[in-house]
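The values are calculated or read from the model by the stated rules, or taken from the named source; none is laboratory data. Here the structure is a predicted model, which means the values were calculated and not measured. Neighbour counts are summed over all protein chains in view; Cβ atoms, including those assigned to glycine, are modelled from backbone coordinates with ideal geometry. Protein only, heavy atoms only, side chains kept; ligands, DNA and RNA dropped before computing areas. Shrake-Rupley method; radii C 1.70, N 1.55, O 1.52, S 1.80 Å.
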Amino acid sequence: MPKLEQLRSEVKAHSGQFRCSEIHQEKNSKIVQFRHVGTPAGDTFGVPDVQGLSDFYSTFGELTLYLEEQSGDAAYFLASPSQWQELDSDFRPWLEGIDADEANDYLPDWINDCIVVGEIPRSGNYLLIPTAGPEAGKVVEFEHDGFEFIELGSSLPDFVARSLDLDSSRLTAIASHVRFITEDDGRQWWIEELTDNRGNVVRTDA
């Protein structure tokens, strides 16, 4: 039995909608539906024994959060362990060209002891988990635009649980990366409000 059965059940049951306005044409509105899509747990051999990581991958294989199926846009993608190396190869070039002095100012101590477990799709931002030191197990978003490292959860299960009940700032961050463009409609959309079957009603800041 998965170790995080309750969390798995909550993720599977959660759904809702975004009320959006067209960017530059705010009078136009659109409702899009979202849900979360996961795969069954796979082989956890080689998954580091840091806080919550092994339990997560004993429950989920990979997980896409806040997927809007028509456009394919999503808030977060958590990859299976077999995809970590590819994500790491995509992430590391962002750090090239940083000299030693800049590294002390801009990079966390654990930057060479972390796993790239996921990404914010189509954004160039990545989800990192330190594997050593006092920050081990935390979920940190690398935001390339401002070259920031933003803590999103104390563990991977904590991050997923928090993602089911977004606050306004986190919804606004998601809204900055999704546009819900479809093949038959090139218009771009901004999330104004989330409503879901957990009773949440959350508005973006902007």
Practice task
Evaluate the charge dipole of the chain about its Cα centre and quote only its size in Debye, nearest 20, assuming +1 on the Cβ of each Lys and Arg and -1 on the Cβ of each Asp and Glu.
Solution key: 1000
Completion exercise
At q = 0.11, 0.21 1/Å the base-10 log of I(q)/I(0) from the Debye formula over the alpha-carbon atoms of the stretch 1-127 is -0.53, -1.21
Exercise for the section: Could you work out the Rg to Rh ratio of the stretch 129-206, with Rh taken as the Kirkwood radius (inverse of the mean 1/r over all Cα pairs)? Expected result: 1.05
Problem - Of S176, P157, L7, farthest towards positive along the dipole that unit charges on Lys, Arg, Asp, Glu beta carbons give the chain - result: L7
Handout entry: Contour minus Cα-Cα distance for D101 and E148 (0.36 nm per residue)
Key = 15.3 nm
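Report the charge-dipole magnitude of the stretch 1-97 in Debye, nearest 20, computed about the Cα centre from +1 at each Lys and Arg Cβ and -1 at each Asp and Glu Cβ. List each step's numbers first, then the result.
Values: 8 positive and 15 negative charges, 92 e Å.
With only Lys, Arg, Asp and Glu charged at Cβ, the dipole is about 440 debye.
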Practice task
Along Cα→Cβ, 7 Å out, is where each label goes; now give me the distance between the ones at S123 and R198 in nm to one decimal.
Solution key: 1.7
Fill in the blank from the handout: To the nearest Å², the heavy-atom accessible area per residue of the chain with 1.4 Å probe amounts to 51
Exercise for the section: Enter the accessible area of Y76 (Å², nearest 10), with the probe set to 1.4 Å and all protein chains included. Expected result: 0
Exercise for the section: For the chain, build the charge dipole from Cβ charges (+1 Lys, Arg; -1 Asp, Glu) around the Cα centre, then report which of I31, L127, W189 sits farthest towards its positive end. Expected result: I31
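What do you get for GluC sites (Glu not before Pro) in the stretch 113-206 restricted to DSSP loop and a cutoff of at most 11 other Cβ within 10 Å of the site's Cβ? Could the numbers behind the result be given before it?
Working: sites: E119, E135, E141, E143, E148, E151, E183, E192, E193; in loops: E135, E183.
Loop-located and lightly packed - E183.
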Exercise for the section: When you have a sec, figure out the Kirkwood radius of the stretch 59-117 from all distinct Cα pair distances and drop it here in Å to one decimal? Expected result: 13.7
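Which order do you get for S154, S21 if you rank them by accessible area with a 1.4 Å probe, largest at the top?
Values: S154 50, S21 10 Å².
Sorted by accessible area, descending: S154, S21.
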Exercise for the section: On the protein heavy atoms, probe 1.4 angstrom, tell me the percent of accessible surface of the stretch 26-107 carried by carbon and sulfur. Expected result: 45
Handout entry: Length added when fully stretched, Q83-I181, from 0.36 nm per residue minus Cα-Cα
Key = 32.6 nm
Practice task
Calculate the length of the line joining the C-alpha centroid of the stretch 152-203 to that of the stretch 100-119, in whole Å.
Solution key: 26
